[in-house]
Amino acid sequence: MESPVDYTSQLDAAIQKLHDEGRYRTFINIERHKGHFPHAVWTKPDGSKQDITVWCGNDYLGMGQHPVVLEAMHEAVDSAGAGSGGTRNISGTTVYHKRLEAELADLHGKESALLFTSAYIANDATLSTLPKLFPGLIIYSDALNHASMIEGVRRNGGQKRVFRHNDVAHLRELLEADDPAAPKLIAFESIYSMDGDFGPIEALCDLADEFGALTYIDEVHAVGLYGPRGAGVAERDRLMHRLDIINGTLAKAYGVMGGYIAASDKMCDAIRSYAPGFIFTTSLPPAVAAGAAASVAYLKRHPELREQHQAQAKVLKMRLKGMGLPLIDHGSHIVPVMVGNPVHTKKLSDMLLEEYGIYAQPINFPTVPRGTERLRFTPSPVHGPGEMNKLINAMDALWSHCALNRAELAG
């Protein structure tokens with residue numbers, strides 16, 4: 001029997017819509033070589049290869065290539081093999097997982113930490129589980145929270161309130177309008193990755209104290225990069241003790257993969273026991289946990305990498321501003337150059353890659369609002385003066401040649 005629905009045509013229409021809007025996402029096939037990051041090799045669609053420099057990666061400190069991390073991973077593979085063999089509940093908890101959780105709990109000054117396969121899953125699983133633990137919970141979520149936080153809040157079955165981005169006064173209005181006896185949680189980020197602005201952590205903690213709310217912070221783009229030992233902006237500002245649940249990643253500054261929460265023993269135990277996203281997921285390979293633990297431990301003792309990273313970001317922002325480019329600068333390490341059109345952004349990205357060997361992925365809707373499309377550069381301590389000069393010269397040439405001629409950019 002012929003189906004009454006033409007599924008293929010509907011898929012074609014959905015994909016064509018993305019092409020028409022200029023926001024169809026193309027994956028660039030690159031090959032990283034140990035010890036040479038940020039340099040890599042791009043395999044073009046025709047099979048030919050070109051040397052490139054990666055300027056949009058999240059391996060902020062180059063720890064994905066660090067000998068300490070690689071040695072720990074090799075040792076774990078030789079000792080434990082490849083996979084973990086199961087979920088954490090069924091044979092998938094190893095000494096490497098426990099060691100990593102201990103490192104993370106120590107990092108954030110918390111009693112416990114709970115490891116997930118990604119920070120996305122950690123956010124989604126935790127925020128969707130909390131209403132099971134606190135019936136009637138109301139979650140107050142910043143309007144620009146990450147998609148993983150939005151998804152966790154959306155599908156948890158509880159009540160939610162969305163306050164305007166970083167608007168403490170609006171949050172107060174929402175808190176005052178709700179039942180004082182209802183359990184509450186305020187969810188926000190320390191650094192918002194697309195604009196690079198900071199959340200008002202202390203003010204949000206003050207409101208939480210006043211209204212008897214729990215606090216949940218996403219430090220994904222800050223762990224490893226801020227604070228004396230790399231625990232994030234809350235550590236830098238001496239506020240970690242005021243946060244009930246801290247979410248972080250092992251896939252950015254720490255250079256490996258995985259995510260986690262750090263909290264009290266009872267909070268981690270409850271999430272471990274009730275969150276489907278934890279219970280039914282195969283645990284990280286032991287080698288990944290070993291590499292992450294080595295990276296966390298190393299960065300606790302090496303603040304000079306964080307200092308170099310901040311210096312690189314400041315230099316890049318200063319030079320881009322000196323060229324008159326529309327740059328957002330909130331004082332963090334995020335370097336977004338605003339283009340404002342998906343087609344133009346993709347064209348600039350393509351020209352940087354094809355003509356200059358510079359890889360900077362275009363950032364379009366829904367990652368950012370329509371009309372705020374951008375190129376987002378991520379300088380690191382392993383980007384040297386030569387790489388920096390090449391990027392600046394390329395942006396200068398392309399912007400002066402194209403940005404004033406939108407018709408050419410779209411052509």
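The values are calculated or read from the model by the stated rules, or taken from the named source; none is laboratory data. Given the structure is predicted, the values throughout are model-derived calculations rather than measurements. Note that we place each Cβ from the backbone using ideal geometry, even for glycine, and neighbour counts take in every protein chain shown. Ligands, DNA and RNA are excluded from the accessible area calculation, which covers all protein heavy atoms including side chains. Shrake-Rupley method; radii C 1.70, N 1.55, O 1.52, S 1.80 Å.
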Based on the Cα coordinates of the chain, what is the per residue volume of their convex hull in Å³?
186 Å³
Normalised per residue, the volume of the convex hull around the Cα set of segment 266-326 (Å³)
186 Å³
Between the alpha-carbon centers of segment 361-385 and segment 1-33, tell me the distance in whole angstrom.
23 Å
Measure off 7 Å from each Cα along the Cα-to-Cβ vector at Ser9 and Glu202, then give the distance between these two points in nanometres to one decimal.
6.2 nm
With x for Gly and Pro, the residue-by-residue ³J(HN,Hα) of segment 36-43, computed from phi through the Karplus equation 6.51 cos²θ - 1.76 cosθ + 1.60 at θ = phi - 60° and given in whole Hz, is 10, 4, x, 7, 8, 10, 9, 8
Exactly which GluC sites (Glu not before Pro) in segment 1-53 are in a DSSP loop and have at most 11 other Cβ atoms within 10 Å?
Glu2
For segment 204-318, the Rg and Dmax computed from alpha carbons only, in angstrom
15.9, 49
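Could you compute the net charge surrounding Thr372? Neighbours are other residues with a C-beta less than 14 Å from the C-beta of Thr372; K and R count +1, D and E count -1.
For residues surrounding Thr372, the net value is +1.
Taking the Cα centre of segment 37-172 as the origin, how large is its charge dipole in debye, to the nearest 20, when only Lys and Arg (+1) and Asp and Glu (-1) carry charge on their Cβ atoms?
800 debye
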List the residues whose amide H sits under 5 Å from the amide H of Phe163, counting only those 5 or more places along or on another chain, with H placed 1.01 Å from N in the peptide plane.
Ser141, Asp142, Ala143
Counting only protein heavy atoms and using a 1.4 Å probe, what share of the accessible area of the chain belongs to carbon plus sulfur, as a whole percent?
54 percent
Among the lysines, select those whose C-alpha is under 19 Å from the C-alpha of Lys321, and discard any that sit fewer than 8 residues away in the same chain.
Lys390
When we measure straight from the Cα of Lys252, which lysines land under 16 angstrom away, once same-chain ones fewer than 8 places off are left out?
Lys300
Got a sec to turn the phi values of segment 59-69 into Karplus ³J(HN,Hα) couplings, 6.51 cos²θ - 1.76 cosθ + 1.60 with θ = phi - 60°, whole Hz, x for Gly and Pro?
7, 4, 10, x, 5, x, 10, 6, x, 4, 6
Which value, to two decimals, describes the C-alpha radius of gyration of segment 1-49 once divided by 2.2 N^0.38 Å?
1.89
Going Cα to Cα from Lys17, which lysines come in below 26 Å? Please leave out same-chain ones fewer than 8 positions away.
Lys44, Lys346, Lys347
Per residue, what accessible area does segment 111-157 have, given a 1.4 Å probe and all protein chains present, in Å²?
35 Å²
Amide H of Asp178 versus every other amide H placed in the peptide plane: which residues, excluding those fewer than 5 positions away on the same chain, fall under 5 Å?
none
Would you grab the residues whose amide H sits under 5 Å from the one on Arg374? Only those 5+ places off in sequence or on another chain, please, with H modelled 1.01 Å from N.
Val339, Gly340, Ile363
If you build a Gaussian network model of the chain, linking Cα atoms that sit under 10 Å apart, which residue out of Arg272, Arg376, Arg238 swings the most?
Arg238
C-alpha center-to-center spacing [segment 242-288, segment 44-102] in angstrom:
16 Å
accessible surface per residue for segment 1-103, probe 1.4 Å, DNA/RNA/ligands not counted, whole Å² -> 64 Å²
